[in-house]
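The block underneath contains the structure these notes are about, expressed in structure tokens.
None of the figures in this text is laboratory data; all of them are computed from the coordinates on show. Source: prediction; values computed, not measured. With ideal geometry, Cβ positions are generated from the backbone for all residues, glycine too; neighbour counts draw on all protein chains shown.
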Amino acid sequence: MRCLLSTLSAQGRQPFSLVIALMMSFSLVGLGCAPAGNGGTLAAADKPAELLPVPAAPELEKAAALVSDIFKAEIDKAKTPLQKRELARKLLNAAADTKDDPVGRFALLQRAADLAAAGGDLPTAAEAIDQQARSHAVDAPQMKFQAAEAASKAVRFPTQHESFGNDLLPVLDASIAADRYEIAQRLAELLVHSAKVARNQKLASSASNLHAEVEQLVTEYKTLAEPLARHKSGAASPADKLILGKFYCFLKGDWNVGLPLLAESGDELLGRYAADELAVPTEPADQLKLADCWWSCAEEAKGLRAQRIRQHAAIWYQRALPQLAGLSAAKAKRNIETAAGEQPKLSPKVEHPPPPLPVAQVDLLALSQESQLSRLVAGGEWSRSKDGVVSGDSAYVRLAIPYRVKGPYELEVEFKVLSGKDENVCLILPVGDRQTVLCIDGWVSRGRLTYLCNVNGREAVNNPSAIRGKHLKRGQLHNAHLDVSWDDRDGTAQVIFTLDGDHVFTWNGRTSELSVQSGWELPRSREIGLASYVTNTEFCKATLIEK
């Protein structure tokens with residue numbers, strides 16, 4: 001599995017459906033990989049010996065406090081998953097530039113990993129942990145598992161779970177490569193959960209099968225304690241090497257580690273096959289002979305072991321095939337196809353993963369400047385100011401921004417209440433093809449309510465999700481941040497509202513539950529609206545971030 005996922009990584013990010021299908025076609029086998037030294041516990045001697053110890057708590061706390069102080073403004077602002085992911089990348093870059101302060105670099109990487117995980121970005125969290133592991137003696141598999149658990153809490157929609165399942169695979173693979181099977185078991189459970197939430201039965205079934213394979217590895221690895229201990233002390237018997245060699249080759253699929261053990265196991269057939277392979281045959285006849293030997297070995301095995309051996313034999317059939325003809329070529333092709341099963345075709349190899357798509361930011365107020373203000377007014381009176389636009393003090397004052405959102409987005413709006421009887425500021429939000437309204441400090445007669453209207457047709461006073469209490473101050477510049485997501489496949493949606501850096505509420509439900517109260521409608525769907533109710537309000541900034 002380690003080498004297979006290295007191949008997938010080299011080809012760029014694959015959809016979860018393709019990756020999981022490949023996982024089930026080739027499972028945990030390192031197909032076609034050249035001998036390598038980091039095949040798990042038995043190859044631990046190849047790790048660098050000059051790793052620094054994890055910084056002591058007092059000096060790490062001091063460095064962490066300095067990171068918090070330097071990046072205070074960005075950390076305070078990073079409330080949404082997208083903001084946390086962006087800040088994590090910034091801290092990762094800062095760590096790369098920190099050459100002469102190992103403790104400070106460690107603290108930067110730790111905060112980057114924590115922020116990335118909180119934002120649901122497991123690859124960035126894993127990258128930060130890998131950088132820590134290159135310089136310090138950290139428990140990387142355990143840290144990655146903790147990051148995966150944290151990231152899973154930021155994942156909600158089916159499409160997000162497909163992506164998260166894809167992100168889990170290399171972390172799961174790394175834990176198996178390090179012989180950390182109990183961690184692999186828990187990661188596999190997260191994988192099964194994400195596959196189910198993705199609402200794809202085929203993916204869920206494949207992930208469940210992979211979980212069962214990890215369970216088998218966990219069970220069988222527990223029986224190896226004594227042979228492993230003797231091997232590490234240099235006192236392993238041929239019988240110990242046979243047991244370990246079979247586990248690493250036939251169950252884990254790590255032939256780089258397992259073949260030398262089989263060669264020294266004293267087993268007549270397996271010892272000879274392993275020795276022949278370690279000699280790296282280059283003649284097609286010798287490669288074909290070795291492939292046939294492993295194939296015949298698979299016929300005497302069962303279940304997962306037989307699958308592993310056939311897949312390994314297919315490597316040698318594939319190497320010999322270009323020089324084969326007639327029945328030999330036909331047999332090699334048949335056995336390769338049998339081992340691969342219904343293997344999806346890989347996309348063309350690229351040397352580096354494609355860079356992430358740039359975040360699209362739209363200055364909504366700048367767009368409003370390009371049109372006559374009267375054409376954007378959906379209700380009430382509006383005027384322009386030095387810093388933006390100002391709403392009149394009548395009821396249901398609405399300005400429609402001439403931009404239609406394409407998908408989930410984040411919206412940041414800065415505004416100032418100038419005067420008015422009600423001091424109620426609103427934002428009209430598209431959620432999929434529906435609209436809702438965020439009302440801030442509405443219903444003064446009911447003690448001020450902040451809420452979405454409508455939810456299941458309920459106005460604020462009958463809306464259990466409404467938040468009571470005054471939030472706005474006249475003359476003060478306020479910052480409203482909305483994180484709006486939805487998934488058309490299962491009809492679910494989420495709206496996260498933050499005001500001046502403080503979380504106000506998170507609404508989760510079905511998109512169909514949302515509607516616009518009469519009086520707040522906009523003429524066109526998927527447009528953002530700035531609005532107020534009997535309140536002169538100056539809107540100074542409105543930025544949309546397409547996710």
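Between the helical axis of 140-152 and the dominant principal axis of the chain, each derived from Cα atoms, what acute angle in degrees is found, rounded to the nearest 10?
40
Angle, helix 102-118 long axis vs. longest principal axis of the chain, Cα atoms, 0 to 90°, nearest 10?
With both axes taken from Cα atoms, the answer is about 70 degrees.
Projected onto the charge dipole of the chain (+1 at Lys/Arg Cβ, -1 at Asp/Glu Cβ, origin at the Cα centre), which of Thr543, Ser206, Ser374 gives the Cα projection farthest towards the positive end?
The residue sitting most towards the positive pole is Ser374.
Can you give the local net charge around Arg85? Use residues other than it whose beta-carbon is closer than 11 angstrom to its beta-carbon, Lys and Arg +1, Asp and Glu -1.
With Lys, Arg at +1 and Asp, Glu at -1, the net is +2.
With percent of Cα pairs over 45 Å apart in mind, check (1) 22; (2) 46; (3) 32 and report the label derived from this structure.
Entry (3).
Please sort by residue number the GluC sites (Glu not before Pro) in region 262-309 whose DSSP state is loop and whose Cβ has at most 13 other Cβ atoms within 10 Å.
Loop-located and lightly packed - Glu300.
Can you put Lys416, Lys386 in order of Cβ neighbours within 10 angstrom, beginning with the fewest?
In increasing order of surrounding Cβ atoms, one gets Lys386, Lys416.
Do the sum for the chain: with -39,500 (n - 2.57) for every DSSP H run of n ≥ 4, divided by all residues, what is the mean residue ellipticity at 222 nm, to the nearest 500 deg cm²/dmol?
So the calculated ellipticity at 222 nm is -14500 deg cm²/dmol.
So how do Ile440, Ile70 line up by other beta-carbon neighbours within 10 Å, fewest first?
Working: Ile440 25, Ile70 14.
Final ranking by Cβ density, sparse to dense: Ile70, Ile440.
Quick one: net charge around Ser445, please, counting Lys, Arg +1 and Asp, Glu -1 for every other residue with C-beta under 14 Å from its C-beta.
+1
Please go through region 63-117 and write out the trypsin sites (Lys or Arg not before Pro) that DSSP classes as loop and that have at most 13 other C-beta atoms within 10 Å. Show your work: numbers first, answer last.
Numbers: sites: Lys72, Lys77, Lys79, Lys84, Arg85, Arg89, Lys90, Lys99, Arg105, Arg111; in loops: Lys79, Lys99.
Filter output for region 63-117: Lys99.
Rank these for me by crowding, Glu283, Glu337, going from fewest to most other beta carbons within 10 Å.
Ordered by Cβ neighbours within 10 Å, fewest first: Glu283, Glu337.
Using alpha carbons only, how many degrees (0 to 90, rounded to 10) separate the axis of helix 201-221 from the longest principal axis of the chain?
Result, in degrees: 50.
Let me have the relative contact order for the chain, percent, based on Cα pairs under 8 Å that are six or more residues apart.
Reported as a whole number, the value is 14 percent.
If the reach is capped at under 15 angstrom between alpha carbons, list the aspartates and glutamates near Lys202, excluding any in the same chain fewer than eight residues apart.
Straight-line reach from Lys202, under 15 Å: Glu162, Glu342.
Give, as a single signed number, the net charge of other residues whose beta carbon lies under 14 Å from the beta carbon of Tyr317, with Lys and Arg counted +1 and Asp and Glu -1. Could you put the intermediate results ahead of the total?
Working: positive: Lys289, Arg310, Arg319, Lys331, Lys333, Arg334; negative: Glu277, Asp286, Asp292, Glu337.
Around Tyr317, the surrounding residues sum to +2.
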